1. Does residue 790 satisfy the condition of being more than 39 Å from the chain's Cα centre (by Cα) and modelled with pLDDT under 95?
2. Among what's in the range 462-500 and is among the aromatic types (Phe, Trp, Tyr) and either over 30 Å from residue 550 (Cα atoms) or more than 23 Å from the chain's Cα centre (by Cα) (or both), pick the residue that is most open to solvent (accessible area, probe 1.4 Å).
3. Just to be sure, is residue 365 closer than 30 Å to residue 264 by Cα, among the hydroxyl-bearing types (Ser, Thr, Tyr), open to solvent by 10 Å² or more (accessible area, probe 1.4 Å) and assigned to a loop (DSSP other than H, G, I, E, B)?
4. Determine whether residue 667 is surrounded by fewer than 18 Cβ atoms within 10 Å (Cβ to Cβ), without any contact (Cβ under 8 Å) to a residue 12 or more places away in the chain, within 33 Å of the chain's Cα centre (by Cα) and closer than 28 Å to residue 572 by Cα.
5. Out of the residues in the range 42-85 meeting the condition of being acidic (Asp, Glu) and part of a strand (DSSP E or B), tell me which one is surrounded by the fewest Cβ atoms within 10 Å (Cβ to Cβ).
6. Name the single residue that is surrounded by the most Cβ atoms within 10 Å (Cβ to Cβ) among those in the range 212-227 being more than 25 Å from the chain's Cα centre (by Cα) and assigned to a strand (DSSP E or B).
7. Just wondering, is there one or more residues in the range 501-509 that are part of a loop (DSSP other than H, G, I, E, B), surrounded by 13 or more Cβ atoms within 10 Å (Cβ to Cβ) and not charged (D, E, K, R)?
8. From the residues in the range 232-271 that are in contact (Cβ under 8 Å) with a residue 40 or more places away in the chain and over 27 Å from the mean Cα position of the chain (by Cα), which one is nearest to residue 508 (Cα to Cα)?
Amino acid sequence: MFRISSFLVCLLFSASIASGQQPLPNIDSYTEGLERQEGYFPLYWDAAKARLLLEVSRWNEDFLYLPSHATGLGTSRLLLDRGEIGDESIARFEKTGDRVLLVLRNSGFRAQGISNEALIRSVDESFPHSTVAAFPVLAAEGERVVVDFTSFAVSDVTDLSGRLKRADQGNYRLDRDRSHVFLPRTRAFPENTEIEAALTFSSDQPGSLVRQRAPDGRWLTIRIHHSLVRLPDSGYRPRVFDPRVGLFPVSFYDFSKPFDEDYVTRYAIRHRLIKTDTSLPLSDPVEPIVYYMDRAIPEPYRSAFKEGALWWNKVFESAGFRNAVRIEDMPPGMDPLDARYHVIQWVHRTEAGSSIGPSFVDPRTGEIVKAAVRMDSHRSLVDFDIYAGAATASSCAATADPLLSEGGMEAWIAQLDPRVSAEEFVMARRRQHSAHEVGHTLGLAHNFVAASYGRASVMDYPAPLIRLTRGEVDLSDAYRDGPGAYDEFAIRWAYSQFSEEEEAESLDGIVDDAMERGLKFITNPDESASSSFPEATTWINGADAVEELERILLVRRTLIDRFDEAAVREGEPMAWLNRRFARVYLHHRFVLRAAAKAVGGMEFRYALRGDPAAPTEIVDPAQQRRALELLLEAIQPPELAVPDQVLDWMAPRPFGHRPDSLAFASPAAPAFDQIGIARTLCSMVVSELLNPRRSARLVAFSARRAELPGLEEVVRRLIEGTWQSTSPGPAALKRVAQRAVLDELIDLAGNQEATVEVRAGAEWGLRLIQGILAAVTAGDDAEEAHYGLALADVQRFLDRQVAGTERSGPSPPPPGTPIGKRQ
């Protein structure tokens, strides 16, 4: 027996020699002298060769693979931030011969809850998986093997080079010679293994965003992070998604369902929160949701963020939980990308941008695994611009302001109410802001209609509520201090505990109660400018968007008439008045958008059969026509005019300062162009009214009900209100509005994506203008030039001449939202 075994060993050894293969060393001998970290996947560091070795023994065992960015580029244009998380995947290691494969499993297609192995296999074989890495085995010992993980650790797993290329920032290539494992953030723990690498990308032609932010844009170094995490156990019960409640869904195809059901299954994304004592109506959780706050966050932001995040504790009481959320400081040395911790990080960019509240979730169930809030440090500067532009219109004496004094700035702005300092105004917004982003990491989506019923959710985008009180500007209630009724409803639905038998009926009861109370939910993308629900619009207030426009026009005119050079302090560039005046001049921009959505408007619900409320309701025709008249009022010369004193103050950009993206651009630079900003405003209003989708709704709705305004009625009123207007004011501003109507009609008539009825209505309007121009008599040379070009442009379009006068569009408005995007 011994001789036979010896013979077989010799035979196998001879075969390995003949094939060129050498027997693998055992792990202990191969890793002798290397630094080892015990953990979920143990690590070995080979300092001599700068290699990171990974020990694998969990074969075909699924785990979570979570990629993220440890460092950023510092611009809101790409949102490539420190703390940015990528897409979670279910992964596993598979062994084939002398190689180990890292495979990302396809969790989007399943047959679950059944015992039919053939059906499960048929689904698995119908859709692809992704093998993202292959590692040669370096050493083995039983089921344990060691592989060199370095090549994968320093690979472009987040497609950074592709993101830069798509953003026109250059064709970057990963330079492996300049890339390496980043040891300080590479650690192994019992439930997770964390690996970080510094990747250097090179390009001969770096884009401007990179050049402006990297010491040498030809070489861009960004650290990326890999988390390999044990899957959550089976103790979590998924909750079936309901579109009437604003919880994000995780969705997948389930081919075990019968033909009369939707193959797509959707679960609500939420945390695993369990009562300590289920017999009590109010109980502490077994494990609270703990957020670790970045120690970089300074005061007064720190206190504001903590207070806003802890608003949720009151909300969770509606779901039966006491002390559900806890905020702690990050311990020294803690890695914010460690998958074990929920974090609130401080993110810096060179311009204002989004704060973000994403989470990694278990794609099988929707359970939140790691929350990663990123709070933008630039946003308060934009909030302060809003304050500074409005506060100058107040008539009270200046008061000291801690926020300004702390940075060496003196208080200079007169305020209506001494209780509303700049710090109080800005931090009121940042408290709400913190609650909003934390809300996302609790599973909540935006609710962009909540402002219409009492500012009822922190998940809305809030406009500062600026009022006129006895003729004076009132900032005392700019932002709501706390969560609202919708927040309680959503959390109650998401987190209340029920038995499996009672859950469906109990959840439906919560929704029925919310509908009876008038709590509505509308989210992205249905708040967009081309959508139809007036009150479902970002950055507005009020239960009625049309009524709110009427109110806000009065507020805006007061802000403009009282705008003062005191909006900047002594010694600051007068050019900064431009950006602050932009907040005043376009104070109504989002209410204009909301009111425009009333024209051809339709309210709607994410309705299910059996709901008591109607799924859709067309906006009342009188309301549509009132909105149209107010929008026309907004582009009359008195509303477009800027006081001469304000124009005298508008100095050009000073030496040493970059162009200000938050200020009005000027075709007349270095002079401030009041005609240009009027053109920008008029174009905003008219383009909203003549949006192709809105125009198609006007056609469709008026065909259903004769009393509703049709497209031709709207076009006629636009022409009457501009080309035939008798409004007083500078003729130059009247011409701006006329030209805006003409240009937008030409664009709409030539838009091949518009319906044929819409293009016909727009061309009909151009013929009306053509008739007016043919009969008009110019009063001066400027008017003659204006009429002449307009008539020629209409004629060229109607004659289908391709080579006509190119439209010189208005300058885009500066960003009006604290997010910093142009809208």
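The values are calculated or read from the model by the stated rules, or taken from the named source; none is laboratory data. This one's a predicted model, so the numbers in the text were calculated from it and none came from an experiment. Positions of Cβ are generated from backbone atoms using ideal geometry, with glycine treated the same way; all protein chains shown enter the neighbour counts. For accessibility, only protein heavy atoms count, side chains too; no ligands or nucleic acids. Shrake-Rupley method; radii C 1.70, N 1.55, O 1.52, S 1.80 Å.
1. Working: more than 39 Å from the chain's Cα centre (by Cα): yes; modelled with pLDDT under 95: no.
Considered against the rule, which asks whether it is more than 39 Å from the chain's Cα centre (by Cα) and modelled with pLDDT under 95, residue 790 comes out as no.
2. Per the criteria, the residue is 498.
3. So residue 365 fits the description; yes.
4. No, not satisfied.
5. 46
6. Residue satisfying both the conditions and the ranking: 220.
7. Taking the range 501-509 and keeping what is part of a loop (DSSP other than H, G, I, E, B), we get 501-502.
Retained after the next criterion (residues that are surrounded by 13 or more Cβ atoms within 10 Å (Cβ to Cβ)): none.
No; the residues of the range 501-509 include none that is part of a loop (DSSP other than H, G, I, E, B), surrounded by 13 or more Cβ atoms within 10 Å (Cβ to Cβ) and not charged (D, E, K, R).
8. 237
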